[in-house]
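To start, the structure under review is shown below, and the notes come after it.
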Ligand SMILES: Nc1ncnc2c1ncn2[C@@H]1O[C@H](COP(=O)(O)OP(=O)(O)OP(=O)(O)O)[C@@H](O)[C@H]1O
Ligand SMILES: [Mg+2]
């Protein structure tokens with residue numbers, strides 16, 4: 001195979017913020033991603049759906065540089081993520097923040113300290129300012145009265161919301177949410193959806209949201225991508241996905257399995 | 001630390017006293033025990049204890065953070081895990097290890113002194129004179145240097161085991177066990193070579 005003459009460059013289109021180009025990834029024998037192509041414009045909200053274990057989380061971790069592709073390229077804000085060294089990732093991490101599926105809160109810190117952590121690390125030193133922003137972020141997820149608790153003492157939904165507050169506090173250009181409304185009740189779920197919408201409208205945040213909740217997709221998404229068998233099986237607006245004749249898509253969004261009882 | 005140091009000092013004294021008495025050297029026990037404690041037993045015992053207590057805690061702590069994605073969360077927030085998790089532990093260990101070695105040596109000597117003066121009826125002045133005459137600054141320096149090096153070995157191995165942990169709680173468990181076992185083994189091996197090197201730099205018995 002001939003080596004490419006020059007290293008790949010990001011798209012010239014200034015609107016493009018995130019670009020995945022033919023991304024392949026395998027773990028051991030298992031091929032998880034077999035050629036993912038995806039572009040996201042500034043300010044866009046994309047919902048990523050797909051069966052459990054198909055690689056949604058893995059795809060997200062590629063964007064923020066936690067996982068490197070076996071082949072293919074990832075560009076974020078014009079930077080070639082998978083070519084950066086560990087210590088050169090700082091600019092990516094400033095632009096993009098992430099909610100982990102399991103929240104990944106720091107067990108040794110209170111809710112307040114957890115949420116304040118990225119803000120303090122990004123250089124905000126003024127205590128009053130930090131406190132104000134922490135309260136603001138926690139209010140956005142309806143969690144302002146649990147400041148002093150430690151994560152092991154929180155319920156699953158509370159942990160998730162703390163994780164969301166920690167992901168939004170820096171007002172990054174791009175926020176990746178891995179299942180923000182799983183484990184939340186319908187009202188709590190709507191509070192998060194509204195918050196994501198607000199972030200998009202008010203701050204022009206670009207978001208990718210992994211979710212299984214069809215209702216919130218129709219509320220918040222500009223576009224929906226469905227991951228299936230290691231590829232983007234479907235990409236389109238929420239209305240397009242609802243109208244899609246593809247049986248795999250239809251079974252998925254209507255929650256039909258082929259198993260008969 | 002106190003207990004291991006003290007009882008090793010005591011048992012070592014007890015054994016060597018009996019043997020030395022056969023040759024009529026019993027008054028030199030203080031000197032032998034003291035030099036051995038400073039150069040070998042003190043740092044090695046302190047190292048093994050620290051590997052078991054602190055090393056295990058480091059590996060378990062960092063390992064738990066790794067498998068619950070807290071380490072990834074740090075990265076995502078632009079904080080390098082080595083800077084945030086390993087470096088402070090490294091510094092703390094470098095500062096505290098010499099004190100722990102000193103503690104282990106001191107209590108070994110106190111115990112040894114008590115065994116000879118109360119257990120056997122050796123005039124305590126003899127013990128002290130011989131001990132002070134034959135223990136040089138070099139012996140103490142060797143103990144401290146070894147403590148320092150052991151501290152670094154334990155921190156590096158334990159933190160590495162923690163950061164390499166995978167597969168949930170099981171992985172944290174194996175990482176912790178590995179941290180203690182590998183640190184202890186490496187420590188004993190390094191001790192041997194360090195002894196050769198340091199004895200070369202600070203020859204035994206020179207005044
Ligand atoms: N570090 C890893 N080592 C080995 N295999 C991995 C690793 N991370 C993920 N996988 C595998 O990759 C596949 C995709 O995982 P991923 O977490 O991306 O799924 P997902 O689409 O997010 O599923 P879910 O909706 O259940 O969260 C799974 O089969 C998983 O076993
Ligand atoms: Mg997932």
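The values are calculated or read from the model by the stated rules, or taken from the named source; none is laboratory data. Because the structure is predicted, anything quoted here is derived from the model rather than measured. With ideal geometry, Cβ positions are generated from the backbone for all residues, glycine too; neighbour counts draw on all protein chains shown.
Give me a count of the residues in the stretch A:165-196 that are more than 16 Å from ligand 1 (Cβ to nearest atom) and in contact (Cβ under 8 Å) with a residue 60 or more places away in the chain.
Of the residues in that region, 9 qualify.
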| message | Residue under question is residue A:230, and the condition is that it be within 19 Å of residue A:54 (Cα to Cα) and at pLDDT 90 or above; does it hold? | response | yes
| From the residues in the stretch A:64-83 that are within 16 Å of ligand 1 (Cβ to nearest atom) and within 14 Å of chain B (Cβ to nearest Cβ), which one is nearest to the chain's Cα centre (by Cα)? | A:64
| request: Looking for whichever is away from chain B (no Cβ under 14 Å) and within 14 Å of ligand 2 (Cβ to nearest atom) here; the options are A:29, A:61, A:56. Which one fits? | output: A:56
| query | Do we find that residue A:124 is in a helix (DSSP H, G or I) and not assigned by TED's automatic domain parsing to the domain that holds residue A:32 in this structure? | reply | no
| task | Please go through the stretch A:153-164 and pick out each residue that is within 16 Å of residue A:189 (Cα to Cα) and without any contact (Cβ under 8 Å) to a residue 12 or more places away in the chain. | result | A:155
| message | Out of the residues in the stretch B:162-178 meeting the condition of being exposed (fewer than 15 other Cβ atoms within 10 Å of the Cβ) and under 12 Å from residue B:68 (Cα atoms), tell me which one is farthest from ligand 1 (Cβ to nearest atom). | response | B:169
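Looking at B:56, B:51, B:18, which is the one that is in contact with a helix residue (DSSP H, G or I) (Cβ under 6 Å, 6 or more places away or on another chain) and over 15 Å from residue B:100 (Cβ atoms)? So that I can check it myself, show each step before the final result.
Values: B:51 fails: over 15 Å from residue B:100 (Cβ atoms); B:18 fails: in contact with a helix residue (DSSP H, G or I) (Cβ under 6 Å, 6 or more places away or on another chain).
Only one candidate qualifies: B:56.
One line per residue, one yes/no per condition, for (1) in contact (Cβ under 8 Å) with a residue 12 or more places away in the chain; (2) within 15 Å of the chain's Cα centre (by Cα); (3) within 16 Å of ligand 2 (Cβ to nearest atom):
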{"residue": "A:211", "(1), (2), (3)": "yes, yes, yes"}
{"residue": "A:220", "(1), (2), (3)": "yes, yes, no"}
{"residue": "A:223", "(1), (2), (3)": "yes, yes, no"}
{"residue": "A:245", "(1), (2), (3)": "no, no, no"}
| Say we look at the stretch A:101-122 and pick out the residues that are within 16 Å of ligand 2 (Cβ to nearest atom) and touching a helix residue (DSSP H, G or I) at 6+ places or on another chain (Cβ under 7 Å); which of these is nearest to residue A:158 (Cα to Cα)? | A:103
| field | Options B:35, B:71, B:54, B:76: the member that is under 18 Å from residue A:97 (Cα atoms) and in contact (Cβ under 8 Å) with a residue 40 or more places away in the chain | value | B:71
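Matching residues to (1) more than 16 Å from the chain's Cα centre (by Cα); (2) surrounded by 22 or more Cβ atoms within 10 Å (Cβ to Cβ); (3) within 14 Å of chain A (Cβ to nearest Cβ); (4) under 18 Å from residue A:109 (Cβ atoms):
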residue: B:65; (1), (2), (3), (4): yes, yes, yes, yes
residue: B:81; (1), (2), (3), (4): yes, no, yes, yes
residue: B:104; (1), (2), (3), (4): no, yes, no, no
residue: B:123; (1), (2), (3), (4): yes, no, no, no
residue: B:143; (1), (2), (3), (4): no, yes, no, no
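Just give me the residues in the stretch A:25-50 being in contact (Cβ under 8 Å) with a residue 40 or more places away in the chain and near ligand 1 (Cβ under 7 Å from one of its atoms), in sequence order. Reasoning before the result, please.
We begin by selecting, within the stretch A:25-50, every residue in contact (Cβ under 8 Å) with a residue 40 or more places away in the chain; these are A:25-26, A:31-38, A:40-50.
A:32, A:50, listed by residue number.
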| Does residue A:92 fit the bill of being within 30 Å of residue A:132 (Cβ to Cβ), within 14 Å of chain B (Cβ to nearest Cβ) and away from ligand 2 (no atom under 16 Å from the Cβ)? | yes
| If only one of A:184, A:197 is touching a helix residue (DSSP H, G or I) at 6+ places or on another chain (Cβ under 6 Å) and at pLDDT 90 or above, which one is it? | A:197
